[in-house]
Structure formats: C-alpha cells, structure tokens
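Novice: Submitted below is the structure of interest, expressed as structure tokens.
The values are calculated or read from the model by the stated rules, or taken from the named source; none is laboratory data. It should be emphasised that the depicted structure is a prediction, and the values quoted were computed from it without experimental measurement. No Cβ is skipped: glycine too gets one built from the backbone with ideal geometry, and neighbour counts run over all protein chains shown. SASA here: full protein model, heavy atoms, side chains in, ligands and nucleic acids out. Shrake-Rupley method; radii C 1.70, N 1.55, O 1.52, S 1.80 Å.
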Amino acid sequence: MESGSRVSSVAAICGAIVLVGLAMLAGVLVTAQPGTRTLAGVVTLVESEMAKFDRDVREGLAATSIPATDAERRRCTAMGTDAFVSPGQAVVMYDEEGTVLGRGLLGEAQPIPVLDPQSGRTSMSCRLPFEIAAVERKGIVTFEIGSRDRRTYTSRELEAVDWNLEVRIDE
C-alpha cells in the first residue's frame, strides 16, 4: 500500500510540474507576440489668454451661467481653425520607421466652458474625441493630427494611461 501512495504522490507532483511548465510557456508565447490595442483619446483645444481677452472685448464679460450653445460651438470651430484642427481630420499613428500602425478621425467638437471665479470670465476648451482601432504595440510611436501636430510616446507611456490619450493644444 505504501508504494501505491508514493506512486500517486510522485504522479501528482509530476503533473503539477507539467502544468506549471505549460502555464509558463503559454505566458511567454502570449507576451512574445506583439498584441494590438485600441488607442482612444481626445484632442483638447485650450483657449489662449489673448483669445479670451479679444472675445471679452467683442462680447463683454460672460454671465455666470454658461450653457453649451451654438455660440460656443462656433467658438470651438474658430479655435480649431486657429489651431489647424477640425472634426473629420485624420489622426495617424506611426512606428519608429514611419510605417502606419493605424488611422482614425477626429469627432465633433464638444465645448467645455469653465468659469474663472476670480475674474468672472469664461475659458473655453473644446474636446474632439478619436479612436484608432487595432494599433500594434511597439516600442516608440508617433501620433499625428493632420499635418499640424506630432507627438511621440513610448509603449510604456501609452500603457500608463491605459491607451487613452489626452492631447492638449493651446490655441
């Protein structure tokens, strides 16, 4: 009886070693293959101090209640024009060699008014969402908005923000 329990113990230990080995091999194979992710994010256009001053001179100081209106959407359009960024514009990601990894488009501008409690003036920022599906994970990538703006990120930086970028462009 004693030898039978030894055999089953040895078999159980060998089976456990094989299972651990297979799990490690599967982990190595999964991490060795370049995976893909969806890169999502938003381009935020931020109104400059000079643009705020010019607007206040033309329109007067803003009220404390700031609803999202057609005027704010027009202001977003003007900010995008000044920054050379507009809805429908291409967003492209390249690898280090300049090969295109993925493409997307900027979505509609969403006005984000913020009231400065000290001055009583509003600041505008406009957010344009985008998404690039199935981007291959690479070491260093370059993200380009139209032909206006290029930014470079490491895969570690993209992982740190869970592949959700916020690109800020000051008008």
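Novice: For the stretch 68-94, what are the residues that are touching a residue at least 12 places away in the same chain (Cβ under 8 Å), open to solvent by 40 Å² or more (accessible area, probe 1.4 Å) and charged (D, E, K, R)?
Specialist: 73, 75, 82
Novice: Taking residue 119 as the residue in question, decide whether it is polar (S, T, N, Q), out of contact with any helix residue (DSSP H, G or I) (no Cβ under 8 Å at 6 or more places or on another chain) and farther than 24 Å from residue 35 by Cα. Let's see the steps before the verdict.
Specialist: Numbers: polar (S, T, N, Q): yes; out of contact with any helix residue (DSSP H, G or I) (no Cβ under 8 Å at 6 or more places or on another chain): yes; farther than 24 Å from residue 35 by Cα: yes.
Criteria met by residue 119.
Novice: Among the listed residues 116, 149, which satisfies the condition of being over 14 Å from the mean Cα position of the chain (by Cα) and free of Cβ contacts under 8 Å to residues at least 12 places away in the same chain? Before the answer, list the steps.
Specialist: Details: 149 fails: free of Cβ contacts under 8 Å to residues at least 12 places away in the same chain.
Exactly one of 116, 149 is over 14 Å from the mean Cα position of the chain (by Cα) and free of Cβ contacts under 8 Å to residues at least 12 places away in the same chain, namely 116.
Novice: Still on this structure, I have one more. Give the residue, chosen from 166, 97, 108, 159, that is open to solvent by 40 Å² or more (accessible area, probe 1.4 Å), at pLDDT 80 or above, assigned to a strand (DSSP E or B) and of a type in the set (Asp, Glu).
Specialist: Values: 97 fails: assigned to a strand (DSSP E or B); 108 fails: assigned to a strand (DSSP E or B); 159 fails: assigned to a strand (DSSP E or B).
None of the others qualify; the one that does is 166.
Novice: Also, quick follow-up: Identify all residues within the stretch 117-138 that are at pLDDT 85 or above and either in contact with a Pro (Cβ under 9 Å, 6 or more places away or on another chain) or open to solvent by less than 60 Å² (accessible area, probe 1.4 Å) (or both); write none if there are none.
Specialist: At the first step, the residues of the stretch 117-138 found to be at pLDDT 85 or above are 125-133.
Hits for the stretch 117-138 are 125, 126, 127, 128, 129, 130, 132.
Novice: If residue 151 passes every condition in (1) more than 15 Å from residue 40 (Cβ to Cβ); (2) out of contact with any Phe, Trp or Tyr (no Cβ under 6 Å at 6 or more places or on another chain); (3) assigned to a strand (DSSP E or B) but one, which one does it miss?
Specialist: Result: residue 151 passes all but (2).
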